[in-house]
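Asks: Take this structure, written in structure tokens, and hold onto it; I'll ask about it next.
The values are calculated or read from the model by the stated rules, or taken from the named source; none is laboratory data. Since this is a predicted model, take the numbers as computed values, not measurements. Here Cβ is always computed from backbone atoms with ideal geometry, including for glycine, and neighbour counts include all displayed protein chains.
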Amino acid sequence: MLWSLIKIVVFVVAIAALTWGASFLLESSGGLQVTVMGTEFSFGPLQSVIAIIVLVIAVWLVLKIISLLIAVWHFLNGDETALSRYFDRNRERKGYEALSEGLMALASGEGRLALSKAAKADKYLERPELTNLLIAQAAEMAGDKRKAEETYKKLVANESTRFVGVRGILKQKLAEGDTDTALKLAEKAFALKPKHADTGDILLKLQAEKEDWSGARETLNTKLKNGQLPRDVHKRRDAVLALSEAKDVFTEGHSIEAREAAIEANRLSPDLIPAAVMAAHSYIDQGKPKYAARLLKKAWSVHAHPDLASAFAAIAPDETPKERLKRFTALTRTQPDDPETKMLLAELNIANEDFPEARRSLGNLVETDPTARSVTLMAAIERGEGASDTVVKGWLARALTVSRGPQWICDNCQHIHTNWKPICDNCHSFDTLAWKTPPMSEVAMPGGVQMLPLIVGAIEDNSGADAKPPVATRADIEEAELIVDTDEVSEKPKEPEVTTEK
């Protein structure tokens, strides 16, 4: 309100001043006389003021015309002027419009359209650091790999876009399967930008595939320093790389280095089963069975595994079955309810020819969590207690239809491996193998698994058998395991000859 009042007052004062000035000029006498080339011009007071204003405007117009002519001259001469800047702004506007349309086409999956828009943006903007990336990605989408590679090489030549160019060629080489060139490019890209997580993962994977374990450990340490990995994940993966490095040393035959590498791998991750097994064997080779036993018991308490039991048996290979059963008590008492512990005790008692105790050790595992191994052990127990061939074969037939039990399975692609490896054979992922049970699938047989009891005979109760039970030897157990050591049944089993007693 106050400001409006002030403006009104100022306007009224200005009008009053102009009115007073005009009346003063009208009432004034005299004027202005100007002589031009002998001609005299006389102006009154008001006319003089108007003439001065017209003269000022004319001089201003002349100066502007001269300035325009100078600007046109500079424009024609190639110098930067307001006129050139006008046209530049117009070209820049068109270039950014084409760039945005190209990005939208790229996001929509229209490769050809994105490529044409990228070429138009490159023509108007003349900023290759922006348009070359769009051209390269559009060419990739359109299937023009040659043009994409040429454009990525242009990006490599520019220092500000070198990393983007190297990474683009790296992705092309990976798609082509040229892992040797891809490894060199990944090393270059990682050196340019070590904090780029995806590049570090690619480099680590390629180094592991090439079995460059020392280089992979350096890459892993760099990722830890840059905060790209949690410390526990780094510790686990470093142990996997150390274990792989130790395996290479064992293969080369350097015993001292192999022992140190194996022990180092187990120190980094005590729950890594292959590392524990290798470290235990290194202690055994050094004549330190107590260290090996302590290491294996610690690993067994974390995760019971048959490889740990095999390594524990290797500590005293010449002991009797009874002595071995007694020594294994220190191992099995840590996880008495684990299925692996129950099957291990059953195997030890079978080897000791104590079949009733083997049955008690196995418990109800064949009902609650049946696997090919546990059912095969039950077949061996039945054989040892004197059951008929029909009963034994019934158990073996059942072993064909139950789960194979835990195996080394890739968490990424679910591929099953016979032995642990740092790299999946199928999807080439690093450190994705886990000891777990694969999904159960029914064996493909004519008539389904329900026909098995009719083919080989039902499982019978042999509690009333009067005959002296035959002793199941180790060869019998191995033969039984060999029968079920197959992934699928390729043909219908032959019908066994069944003899009938009077």
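Asks: Of the residues that make up segment 320-328, is at least one in a helix (DSSP H, G or I), more than 22 Å from residue 419 (Cβ to Cβ) and within 32 Å of the chain's Cα centre (by Cα)? Break it down into steps so the answer makes sense when it comes.
Replies: So the first thing to find is which residues in segment 320-328 are in a helix (DSSP H, G or I), and the list is 321-327.
From what's left, more than 22 Å from residue 419 (Cβ to Cβ): 321-327.
Then drop every residue that is not within 32 Å of the chain's Cα centre (by Cα), which leaves none.
No.
Asks: List every residue pair whose Cβ atoms lie under 6 Å apart, where the two residues are 6 or more positions apart in sequence or sit on different chains, the first residue falls within segment 374-389 and is under 22 Å from residue 403 (Cβ atoms), and the second residue, located anywhere, is among the small types (Gly, Ala, Ser) and part of a helix (DSSP H, G or I).
Replies: Matching pairs, first to second residue: 375/399; 376/399; 376/480; 377/346; 379/480; 380/480; 381/358.
Asks: If you don't mind, there's one more thing I want to ask. Output the residues belonging to segment 142-163 that are in contact with a Leu (Cβ under 9 Å, 6 or more places away or on another chain) and surrounded by fewer than 18 Cβ atoms within 10 Å (Cβ to Cβ).
Replies: Hits for segment 142-163 are 142, 147, 162.
Asks: Among 387, 397, 380, which is out of contact with any Asp or Glu (no Cβ under 8 Å at 6 or more places or on another chain) and not hydroxyl-bearing (Ser, Thr, Tyr)?
Replies: Among 387, 397, 380, only 397 is out of contact with any Asp or Glu (no Cβ under 8 Å at 6 or more places or on another chain) and not hydroxyl-bearing (Ser, Thr, Tyr).
Asks: Take residue 251 and decide whether it is out of contact with any strand residue (DSSP E or B) (no Cβ under 6 Å at 6 or more places or on another chain) and at pLDDT 85 or above.
Replies: Against the criterion (out of contact with any strand residue (DSSP E or B) (no Cβ under 6 Å at 6 or more places or on another chain) and at pLDDT 85 or above), residue 251 does not qualify.
Asks: Output the residues belonging to segment 338-360 that are closer than 16 Å to residue 382 by Cβ and under 43 Å from the mean Cα position of the chain (by Cα).
Replies: 343, 346, 347
Asks: Next question, about the same structure. Looking at segment 348-365 only, could you name the residues that are buried (at least 21 other Cβ atoms within 10 Å of the Cβ) and without any contact (Cβ under 8 Å) to a residue 40 or more places away in the chain?
Replies: 348, 349, 358, 361, 362
Per-residue answers, yes or no, for (1) part of a helix (DSSP H, G or I); (2) at pLDDT below 90:
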| site | (1), (2) |
| --- | --- |
| 301 | yes, yes |
| 307 | yes, no |
| 331 | yes, yes |
| 334 | no, yes |
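Asks: Of all the residues that make up segment 323-339, how many are among the aromatic types (Phe, Trp, Tyr) and closer than 16 Å to residue 302 by Cα?
Replies: From segment 323-339, those among the aromatic types (Phe, Trp, Tyr) are 328; that's our starting set.
If we keep only those that are closer than 16 Å to residue 302 by Cα too, we end up with none.
Qualifying residue count for the region: 0.
Asks: From the residues in segment 108-132 that are within 13 Å of residue 154 (Cβ to Cβ) and out of contact with any helix residue (DSSP H, G or I) (no Cβ under 6 Å at 6 or more places or on another chain), which one is surrounded by the fewest Cβ atoms within 10 Å (Cβ to Cβ)?
Replies: By that ranking, first place goes to 127.
Asks: Any residue in segment 191-210 that's without any contact (Cβ under 8 Å) to a residue 24 or more places away in the chain: show its pairings with residues that are β-branched (Val, Ile, Thr) and surrounded by 22 or more Cβ atoms within 10 Å (Cβ to Cβ) at Cβ separation under 8 Å, as long as the two are six or more apart or on different chains.
Replies: Cβ pairs passing all conditions: 203/219.
Asks: Could you list, in sequence order, all residues of segment 164-196 that are buried (at least 19 other Cβ atoms within 10 Å of the Cβ) and over 20 Å from the mean Cα position of the chain (by Cα)?
Replies: The answer is 165, and nothing else.
Asks: Filter segment 378-411 down to the residues that are small (Gly, Ala, Ser) and over 16 Å from residue 358 (Cα atoms), then identify the one that is surrounded by the most Cβ atoms within 10 Å (Cβ to Cβ).
Replies: 399
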